[in-house]
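Structure first, commentary second.
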Amino acid sequence: MKHQEFEHTAWRLESRRGYGSDRAGEKYRRYLETGDVPDDSKRPWCVNVRAQTAQGKRIERVRIVDAPPTWEQRFLLAAAAVNNAAGEDIRNLWRTDAEKAGLLAEDFWLFDSRRALVLHFDDADEYLGAELVEDPERIVRFCQIRDAAWHFAIRREEFVAQVASTV
């Protein structure tokens, strides 16, 4: 299943403290050196987001963040500005609040509340592959996680202010 193959909504939960693919990238190295994230709004992901949201579709994501945030989480928080400008709605949730809400520490995409892709990673945060889930019982659980996470998640700008007040 591809990220553009949905009718109405694509929703993602990111629960990891970091991702190997981010750490391996030039964009992350530059962030560590300068504290800035380059404008890469012309990359394929942002082009796809603009195309999908122009059709009235929603692409949303909640990232679970530690207190204090890891360097990888700080990087993703900074980089989210470009994704949000493209039309994706990325919000953040403190890990302690996610745990209180009983959210699974599992990364997944949920498409149209009918299909999910559960993303698998190794202990070094390297992506191993995805499992397509269409079992109604599991989908209902993913929808419950989405609803709870979205309810408690904080918009990027407000979350940035909260992070700044903790350092």
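The values are calculated or read from the model by the stated rules, or taken from the named source; none is laboratory data. No experiment lies behind these values; they were computed from the predicted model shown. As a convention, Cβ positions derive from the backbone with ideal geometry for all residues, glycine included, and neighbour counts pool all protein chains shown.
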Take the residues of region 81-106 that are in a helix (DSSP H, G or I) and among the β-branched types (Val, Ile, Thr): which is nearest to SER41 (Cα to Cα)? VAL82
Among the numbered criteria (1) in contact with a Gly (Cβ under 7 Å, 6 or more places away or on another chain); (2) closer than 13 Å to ALA80 by Cα, which single criterion is violated by THR53? (2)
Of the residues in region 22-48, those that are hydrophobic (A, V, I, L, M, F, W, C), part of a helix (DSSP H, G or I) and more than 13 Å from TRP71 (Cβ to Cβ) number 3
Restricting attention to region 80-132, the residues that are under 26 Å from THR53 (Cα atoms) and either crowded, with 19+ Cβ neighbours inside 10 Å or touching an Asp or Glu at 6+ places or on another chain (Cβ under 8 Å) (or both) number exactly 22
Is it true that some residue in region 12-22 is farther than 19 Å from ALA81 by Cα and more than 17 Å from the chain's Cα centre (by Cα)? no
Filter region 1-60 for residues that are of a type in the set (Val, Ile, Thr) and over 28 Å from GLU131 (Cα atoms); the one that is surrounded by the most Cβ atoms within 10 Å (Cβ to Cβ) is VAL37
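It is to be established whether one or more residues within region 65-80 are closer than 26 Å to ALA161 by Cβ, in contact (Cβ under 8 Å) with a residue 24 or more places away in the chain and among the polar types (S, T, N, Q).
So far as region 65-80 goes, yes, one or more of its residues are closer than 26 Å to ALA161 by Cβ, in contact (Cβ under 8 Å) with a residue 24 or more places away in the chain and among the polar types (S, T, N, Q).
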Among the residues of region 107-143, write down those that are within 22 Å of VAL65 (Cβ to Cβ) and either more than 17 Å from the chain's Cα centre (by Cα) or assigned to a loop (DSSP other than H, G, I, E, B) (or both). ASP107, ASP122, ASP123, ALA124, ASP125, GLU126
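Being under 16 Å from the mean Cα position of the chain (by Cα) and under 20 Å from ALA149 (Cα atoms): is that true of GLY87 here?
yes
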Expected output for region 42-57 (first residue of a type in the set (Val, Ile, Thr), partner surrounded by 15 or more Cβ atoms within 10 Å (Cβ to Cβ), Cβ below 6 Å, 6+ apart or cross-chain) is VAL49/ILE59; VAL49/ALA86; VAL49/GLY87; VAL49/GLU88; THR53/GLY87
With (1) in a helix (DSSP H, G or I); (2) at pLDDT below 95 as the list, and GLY18 as the residue in question, which single condition is left unmet? (1)
